[in-house]
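This report concerns only the one structure given below.
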Amino acid sequence: MKIATYNVNGINGRLPVLLQWLKEAQPDIVCLQELKAPQERFPIEEINAAGYQAIWKGQKSWNGVAILTKDLEITEVQNTLPGDPEDVQSRYIEAIIDQMVICCLYLPNGNPYPGPKFDYKLSWIKRLKKRTNELISMELPAIIIGDFNIIPTALDAHHPERWEDNALYRIEVKKAYQELLKKGWLDSIRTLFPDDEIYTFWDYLYKSYDRNAGLRLDHILLSPYLVSRLQSGGVDRHVRGWEKTSDHAPVWIELQKEK
């Protein structure tokens, strides 16, 4: 089973890129972030025509998340991260697919640091940790997947010293990420490539893609009950080089069938 995440950075404006990648990569489950489209403008007809069904939480802003599936039944569990009823941003959607809990997230950027946006990021991470602890305690096969807006370690950034005062690399968010791993969540891409410079995002400015001056922001974390099924994974880096594409590239893993 192939499971992927992709920050599309505007689903309607970049729909041809998404459809081309879906046809090429043929993932079974896809989590999308930064739809930048209200609920009624999600391109469900085009997604269905490509062979996928979907659930989504749209928003006319920088937000919006969706989960796509191919030949698999999908049941929506919730479309907001529990813990703050006043939080109206579309950053989280959760579903049951093939007896797995799929949690698609678009974690807040948090910049400029310091400030209220960074405080919101920390509060959002706190709520996420509570939800992930619940999933661990329920002994569920679960995946936390999406754009975390976190650079976990120095290996995950080109010239990491330049990011010391950025909300993506602040010690508070790096510590929170490591705490997730200590609870039993597995960083699948880093596990598969422990010493490699693996990036998933390249800024549009300064020819960062051409220079491979990237960041690893998009992560796929597996609960302990899926770790043994991890088979392979990677980043479809070439998609970042396509015309009118997102500043992120799709990230994917392959899971073995349940024994």
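Return yes when Pro224 is modelled with pLDDT of 95 or more, in contact with a helix residue (DSSP H, G or I) (Cβ under 6 Å, 6 or more places away or on another chain) and more than 30 Å from Leu19 (Cβ to Cβ) and no when it is not.
In short, no.
Taking Lys257, is it part of a loop (DSSP other than H, G, I, E, B), surrounded by fewer than 17 Cβ atoms within 10 Å (Cβ to Cβ), in contact with a Lys or Arg (Cβ under 7 Å, 6 or more places away or on another chain) and touching a residue at least 24 places away in the same chain (Cβ under 8 Å)?
no
Consider the range 1-54. How many of its residues are buried (at least 19 other Cβ atoms within 10 Å of the Cβ) and either of a type in the set (Phe, Trp, Tyr) or on the phi > 0 side of the Ramachandran plot (or both)?
Number satisfying all stated conditions: 7.
Report yes if Pro152 is at pLDDT 95 or above, out of contact with any strand residue (DSSP E or B) (no Cβ under 8 Å at 6 or more places or on another chain) and farther than 16 Å from Trp124 by Cβ, otherwise no.
It is false that Pro152 is at pLDDT 95 or above, out of contact with any strand residue (DSSP E or B) (no Cβ under 8 Å at 6 or more places or on another chain) and farther than 16 Å from Trp124 by Cβ.
Residues in the range 13-32: is at least one among the polar types (S, T, N, Q) and within 27 Å of Asn109 (Cα to Cα)?
No: zero hits.
When only residues in the range 215-232 that are of a type in the set (Gly, Ala, Ser) and touching a strand residue (DSSP E or B) at 6+ places or on another chain (Cβ under 6 Å) count, which is surrounded by the most Cβ atoms within 10 Å (Cβ to Cβ)?
For the range 215-232, the residue satisfying everything is Ser223.
Looking at the range 233-253, which of its residues are in contact with a Lys or Arg (Cβ under 8 Å, 6 or more places away or on another chain) and surrounded by fewer than 17 Cβ atoms within 10 Å (Cβ to Cβ)?
Lys244
Restricting attention to the range 68-91, does a residue exist that is of a type in the set (Gly, Ala, Ser), touching a residue at least 24 places away in the same chain (Cβ under 8 Å) and farther than 23 Å from Lys2 by Cβ?
Yes; the residues of the range 68-91 include at least one that is of a type in the set (Gly, Ala, Ser), touching a residue at least 24 places away in the same chain (Cβ under 8 Å) and farther than 23 Å from Lys2 by Cβ.
For the range 12-90, list the strands (runs of 3 or more DSSP E) that sit wholly inside it and hold at least 1 residues that are basic (Lys, Arg); which are they?
53-57
The values are calculated or read from the model by the stated rules, or taken from the named source; none is laboratory data. Quick caveat: nothing in here was measured; it's all calculated off a predicted structure. Glycine also receives a Cβ, built like all others from the backbone with ideal geometry; neighbour counts cover every protein chain displayed.
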